[in-house]
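The values are calculated or read from the model by the stated rules, or taken from the named source; none is laboratory data. Model, not experiment: these values are computed from the prediction. Heads up, the Cβs are rebuilt from the backbone with ideal geometry, glycines too, and the neighbour counts pull from every protein chain shown. Just the protein is used for accessible areas: all its heavy atoms, side chains included, with ligands, DNA and RNA removed. Shrake-Rupley method; radii C 1.70, N 1.55, O 1.52, S 1.80 Å.
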Amino acid sequence: MPTKSPLADPRPLLDALRAGTPVPGLPSDAVERARSFAAEPASAPPADVEAFPEPLALALLEGSVLAGQPALAEALAASGNKGLAKAARKALYRLRSRGIEVAETPRPSAPEASRPVVATGPEPLPALLTSIDGTGERVLEIARPLRGGGVEATQFLYSDEQGVLRLQVTELSRGDYRRVVKQATSPGDDAAVELSHAEALERLGAAAGLNLRTHTPFPQGLDTVLRHLGVQARDVPLEIPPPEPEDERIAYEGHKLHEEPEMRGWLPPVAELERLARTVDELEASPLALTMAQRNEEIIQAAHTQAHAFSATPAMRQLYSGRLWEMALHFERIGKEQAARLARAEARRLAHGVTEPPSRYAERLFEKALLVTMAQRAAPEARDPAEVRARARAAEQQRAQSADTERRSPGGIILP
């Protein structure tokens, strides 16, 4: 079977430049000059990179992204080479998704001689983005100016497992839309954050790309809206950097993330809730003579054991690390720096399979699942998931207000 040429992919080409291995098919002088920048691509002058054959330029751009340095991508985003500019904009999105601050991508401008003299138009309207709920869903709202001065506002409900699920289009005045933005971003448990129009379009393209990857049908009207907004669906996997030295220390407070209003409703998947309920049934039916305190301790330990197994599953690590990474960005944008640090530390550990010390975030997630089990036992007729979650949230709020003298697990759960 023929070996794939490193020219087809920036990463293998970058590795070849760094290793000093031959790179056939490209000018030798350009290859040697690119080698001189390969160790630290972020230090390469953008003008020199732009002058390289495109495969070499893309390899150095990839190296700067891996190093977490946005300067080269920011410069090349305005390149006259359309392929290179597009790759640079994608690189900026990857960096932004990792929590690295990048400058806004400038739009290429037409030459002065060919630009018509017109009055300056109004500034682009901001977009809105809610936080992620416990099922991985959130709402993105994007405004598109209409001829005549109105605004077409489109709300997209999308999931981190399937992509765009529903959309709703509304026409309103520019003033009304600004009032919507002000109300949606007002301080509160469900506050949304403002996004630049460019970032909102990138997120929409990635969400639609997830529809394609998971074979989830587009909801009615999505094709038309994507076309009007100039968005193409594309697969943009989230990249989370490896753990940092402080993450282990921070991890001991991971359970505190569940005290944030935005995450109080987070629970394990329904299948895990059902499995935990069966375990509790088995433990309570056990013939062993245990005191109430011993039985409670046994139930809590079973929940923790299930939490450890859950967070060791690659699919769950990928899913929940992505959710935590996005929540970290949301917390940063609403000024919750400590919560953002906790979420980032947990996301890095989870994404890269760190299991020691055990995740207090995951343990607390399953302690909350015990509250769901208790709610179902108190009202066994309540089988609707939304109702069960509502009962669990009420129990969680009652727990937060109760006296410190009640028996608690390390995460604060109260047991009878």
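Looking at (1) among the charged types (D, E, K, R); (2) touching a helix residue (DSSP H, G or I) at 6+ places or on another chain (Cβ under 6 Å); (3) farther than 25 Å from R323 by Cα, can you tell me which one E202 breaks?
Unmet for E202, out of (1) among the charged types (D, E, K, R); (2) touching a helix residue (DSSP H, G or I) at 6+ places or on another chain (Cβ under 6 Å); (3) farther than 25 Å from R323 by Cα: (3).
If you check P287 against the conditions, is it open to solvent by 70 Å² or more (accessible area, probe 1.4 Å), of a type outside the set (A, V, I, L, M, F, W, C) and in a loop (DSSP other than H, G, I, E, B)?
Here the answer is yes, as P287 does meet what is asked.
Consider Q69 against the criteria (1) assigned to a helix (DSSP H, G or I); (2) within 22 Å of P237 (Cβ to Cβ): it satisfies all of them except one. Which criterion is unmet?
(1)
Go through A207, A192, A198, A184 for me and flag whichever is more than 14 Å from R333 (Cβ to Cβ) and either within 15 Å of the chain's Cα centre (by Cα) or surrounded by 18 or more Cβ atoms within 10 Å (Cβ to Cβ) (or both). Step through it out loud before you land on a result.
Numbers: A192 fails: more than 14 Å from R333 (Cβ to Cβ); A198 fails: either within 15 Å of the chain's Cα centre (by Cα) or surrounded by 18 or more Cβ atoms within 10 Å (Cβ to Cβ) (or both); A184 fails: more than 14 Å from R333 (Cβ to Cβ).
The conditions single out A207.
Does V354 meet the test of being open to solvent by less than 10 Å² (accessible area, probe 1.4 Å), β-branched (V, I, T) and touching a residue at least 12 places away in the same chain (Cβ under 8 Å)?
Values: open to solvent by less than 10 Å² (accessible area, probe 1.4 Å): no; β-branched (V, I, T): yes; touching a residue at least 12 places away in the same chain (Cβ under 8 Å): yes.
No; evaluated as a whole, the condition is false for this residue.
Which of the residues belonging to region 1-15 are part of a loop (DSSP other than H, G, I, E, B) and modelled with pLDDT of 75 or more?
D9
Just wondering, is there one or more residues in region 141-164 that are in contact with a Pro (Cβ under 8 Å, 6 or more places away or on another chain), of a type in the set (K, R) and either assigned to a strand (DSSP E or B) or within 16 Å of Q220 (Cβ to Cβ) (or both)?
no
Taking L146, is it at pLDDT below 90 and in contact with a strand residue (DSSP E or B) (Cβ under 8 Å, 6 or more places away or on another chain)? Outline the logic, then answer.
Numbers: at pLDDT below 90: yes; in contact with a strand residue (DSSP E or B) (Cβ under 8 Å, 6 or more places away or on another chain): yes.
Yes, satisfied.
If we keep just the residues of region 46-64 that are among the hydrophobic types (A, V, I, L, M, F, W, C) and open to solvent by 30 Å² or more (accessible area, probe 1.4 Å), which is nearest to the chain's Cα centre (by Cα)?
Looking at residues that are among the hydrophobic types (A, V, I, L, M, F, W, C) and open to solvent by 30 Å² or more (accessible area, probe 1.4 Å), I get L58.
Regarding R18, is this residue over 28 Å from P241 (Cα atoms) and in a helix (DSSP H, G or I)? Please lay out each step first, then the result.
Values: over 28 Å from P241 (Cα atoms): no; in a helix (DSSP H, G or I): yes.
No: the conditions fail for R18.
Return yes when L329 is hydrophobic (A, V, I, L, M, F, W, C), out of contact with any Asp or Glu (no Cβ under 7 Å at 6 or more places or on another chain) and modelled with pLDDT of 90 or more and no when it is not.
Criteria met by L329.
Quick check: anything in region 208-227 part of a loop (DSSP other than H, G, I, E, B), closer than 16 Å to R89 by Cβ and of a type in the set (G, A, S)?
no
Across region 165-195, what is the number of residues that are touching a Pro at 6+ places or on another chain (Cβ under 7 Å) and in a loop (DSSP other than H, G, I, E, B)? Break it down stepwise before answering.
Kept after step one, since they are touching a Pro at 6+ places or on another chain (Cβ under 7 Å), are these residues of region 165-195: 165-167, 181, 189, 194-195.
Checking which are in a loop (DSSP other than H, G, I, E, B) leaves us with 189.
Qualifying residue count, region 165-195: 1.
Of the numbered conditions (1) within 25 Å of the chain's Cα centre (by Cα); (2) open to solvent by less than 70 Å² (accessible area, probe 1.4 Å), K90 satisfies every one except a single condition; which is it?
Of the numbered conditions (1) within 25 Å of the chain's Cα centre (by Cα); (2) open to solvent by less than 70 Å² (accessible area, probe 1.4 Å), the odd one out for K90 is (2).
Consider region 301-340. How many of its residues are closer than 19 Å to L238 by Cβ and in a helix (DSSP H, G or I)?
22
Only residues that are surrounded by fewer than 16 Cβ atoms within 10 Å (Cβ to Cβ) and either more than 11 Å from L201 (Cα to Cα) or among the charged types (D, E, K, R) (or both): list them for region 227-246, please.
Scanning region 227-246 gives R227, H228, R234, D235, P237, E239, P242, E244, P245, E246.
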